[in-house]
Amino acid sequence: MKIRRIVIITLSIIAVVGALIVNAVLSKNKTYNKIIYKIEYQTDPLFSEKELDDYIKDSCGIIIGKKIKSIDLHEIEKKITRFPYLESVDVMANSRGYLVVKGVQHKVIARVFNKNNESFYISQNKKILPLSSMSPGRVLIVSGEIYYHYTRPQSLAVNKNSILFDIWTMANYIEKDLFLKSQIGQIYINLQQEIELVPTVGNHIIVFGKIEDMEEKFNKLKYIYNKGFRITGWDKYSLINLKFGNQIPCEKR
């Protein structure tokens, strides 16, 4: 009985392995008949499936109708990774003849207008991205004395001393704070390369200064919003200055 049981188990394993091998061979001989997109959007979509489909056709050639075994999935994945709005990409083939493209879209946290009124996005993972044909929804607007000229998607990590890195640092902080995200609508870079903030509520300017001591300055701003403005109202002051230590000089209207 014991020997018989071993034989049955062995034959079962051989049958399963054989079926897998046959299935793999048959799958390799199949042709692609469809591309399936599974995209995780962290904000509103920045691109349509058609745009990604057109990009794949331009960079990878026609895939539909080609044999699965003739396509280098790693090479396809590398090319799709260059699509500017995708943070990560994973490409696979299945037994139904589908090319499955999984991806995660960049999360846009700011839209920048430079001195020449050229515009581009900054993502949460420090990427500079081109404008898309679709709106990312409400994002922080940044303008002023910004001289960076956009040429191609690139990382901010290589230049931590640039004003763009300061913009990313502040925009990312605001993005993660629900109160600040609801209150701050725009970042302005002045001639001294210092930061001024334009709120969404109230007709005043917030002089922030340099990026240093950012958390402390925002805590002061929260204090005056939650304590001071509840008493005086939002329209009594035209300017709030956060540059001076524990003091918060304000100019009356």
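The values are calculated or read from the model by the stated rules, or taken from the named source; none is laboratory data. Since we're looking at a predicted model, the values are computed, not measured. A quick note on method: Cβ atoms are made from the backbone with ideal geometry, for glycine too, and the neighbour counts reach across all protein chains shown.
Looking at the stretch 170-210, which of its residues are over 17 Å from Lys222 (Cα atoms) and either in a loop (DSSP other than H, G, I, E, B) or at pLDDT below 95 (or both)?
Asn190, Leu191, Gln192, Gln193, Glu194, Lys210
Please state which of the following conditions Tyr223 fails to meet, knowing it meets all the rest: (1) loosely packed, with under 14 Cβ neighbours inside 10 Å; (2) of a type in the set (Ser, Thr, Tyr); (3) farther than 29 Å from Tyr148 by Cβ; (4) in contact with a strand residue (DSSP E or B) (Cβ under 6 Å, 6 or more places away or on another chain).
With (1) loosely packed, with under 14 Cβ neighbours inside 10 Å; (2) of a type in the set (Ser, Thr, Tyr); (3) farther than 29 Å from Tyr148 by Cβ; (4) in contact with a strand residue (DSSP E or B) (Cβ under 6 Å, 6 or more places away or on another chain) applied to Tyr223, the lone miss is (4).
What's the number of the condition Gln186 fails, among (1) surrounded by 13 or more Cβ atoms within 10 Å (Cβ to Cβ); (2) free of Cβ contacts under 8 Å to residues at least 12 places away in the same chain?
Here Gln186 clears every test but (2).
Looking at the stretch 49-100 only, could you name the residues that are under 17 Å from Thr31 (Cα atoms) and among the polar types (S, T, N, Q)?
Ser70, Asn94, Ser95
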